[in-house]
Amino acid sequence: MAVQGDFWLRPKRYGYGTEPANWKGWAATGFFAVLVAAIAWLGMVDPALDADAATLARTALTWAALLVMTGTFAWLARLKTDGQWRWRWGGNT
């Protein structure tokens with residue numbers, strides 16, 4: 001569990017999920033987005049430009065890497081969120 005006051009994310013006011021609460025949350029979200037874009041480019045877009053490099057194994061490896069990264073980010077987000085993950089309708093909680 002995160003140390004009190006060391007939360008990077010906060011629950012969204014409407015819906016399910018979180019949003020960045022400070023610079024650490026923004027940095028983690030930005031880093032995740034850059035990694036996803038880089039893996040997608042290297043694994044799918046770049047090989048598509050060179051038909052010989054595009055293989056089923058490379059595509060499967062790319063998807064596996066994206067799933068692992070997304071799961072890791074979701075775990076970190078849950079750990080660093082101030083509050084419970086649940087559906088919210090815009091109230092104070």
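Things to note:
- Scan of the stretch 18-45 for residues that are small (Gly, Ala, Ser), over 19 Å from Trp75 (Cβ atoms) and out of contact with any Lys or Arg (no Cβ under 8 Å at 6 or more places or on another chain), ordered by number: Ala37, Ala38, Ala40
- Matching residues, the stretch 12-43, being closer than 15 Å to Gln84 by Cβ and without any contact (Cβ under 8 Å) to a residue 24 or more places away in the chain: Glu19
- Selected residue (criterion: farthest from the chain's Cα centre (by Cα)) from residues of the stretch 44-70 that are in a helix (DSSP H, G or I), modelled with pLDDT under 80 and surrounded by 14 or more Cβ atoms within 10 Å (Cβ to Cβ): Pro47
- Taking (1) at pLDDT below 85; (2) loosely packed, with under 11 Cβ neighbours inside 10 Å in turn, Val34 satisfies each apart from (1).
The values are calculated or read from the model by the stated rules, or taken from the named source; none is laboratory data. Here the structure is a predicted model, which is why all the values come from computation and not from measurement. Heads up, the Cβs are rebuilt from the backbone with ideal geometry, glycines too, and the neighbour counts pull from every protein chain shown.
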